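Shown next, in structure tokens, is the structure this report addresses.
The values are calculated or read from the model by the stated rules, or taken from the named source; none is laboratory data. The model shown is predicted, which means the values in this text are computed figures rather than measured ones. We place every Cβ from the backbone using ideal geometry, glycine too, and count neighbours over all the protein chains shown. Protein only, heavy atoms only, side chains kept; ligands, DNA and RNA dropped before computing areas. Shrake-Rupley method; radii C 1.70, N 1.55, O 1.52, S 1.80 Å.
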Amino acid sequence: MNTYEPEPGDLVYDEATRKVGRVMGHEGPYLQLRPPGGGREWDARGPLRPATAADRLSAGVALANARSRGEAP
């Protein structure tokens with residue numbers, strides 16, 4: 001079985017939270033992820049997988065929508 005082990009800087013999809021994040025580092029069993037456009041980090045335990053093109057597009061649209069509502073810088 002081939003298990004995916006993300007490296008810092010990788011863009012991943014956190015299946016538990018259904019969010020895309022960039023790997024910032026790790027602490028114990030958790031990986032710290034940050035939204036691609038910046039923002040608050042969260043701890044992810046998994047399962048994680050590499051972000052697909054569709055995941056990246058969805059995250060970009062969500063960020064653009066948040067910016068248009070004044071919710072993101």
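Split the chain at each of the trypsin sites (Lys or Arg not before Pro) in a DSSP loop with at most 12 other beta carbon atoms within 10 Å, and the longest piece is 46-68. For the chain, the list of GluC sites (Glu not before Pro) that fall in a loop by DSSP and count at most 15 other C-beta atoms within 10 angstrom reads Glu15, Glu41, Glu71.
What angle do you read, to the nearest 10 degrees and between 0 and 90, between the alpha-carbon axis of helix 53-68 and the longest principal axis of the chain? So the helix axis and the longest Cα principal axis differ by about 40 degrees. Per-residue ellipticity at 222 nm from helix content only, as computed over the chain with -39500 (n - 2.57) for each DSSP H run of at least four residues, stands at -7500 deg cm²/dmol. All other residues whose Cβ lies under 15 angstrom from that of Arg18 are scored, Lys and Arg at +1 and Asp and Glu at -1, for a net of +1. Available extension along the chain between Tyr4 and Arg69 is 19.8 nm, counting 0.36 nm per residue and deducting the alpha carbon span.
Surface composition of the chain: carbon and sulfur make up 51 percent of the accessible area, probe 1.4 Å.
Is the shape of the chain rounded, prolate or oblate, going by the alpha carbon gyration tensor and its root eigenvalues a ≥ b ≥ c, with a/c under 1.5 for rounded and a/b larger than b/c for prolate? In terms of gyration-tensor shape, prolate.
Full extension of the chain between Ala62 and Arg49 yields a length gain of 2.7 nm, computed as 0.36 nm times the residue separation minus the alpha carbon distance.
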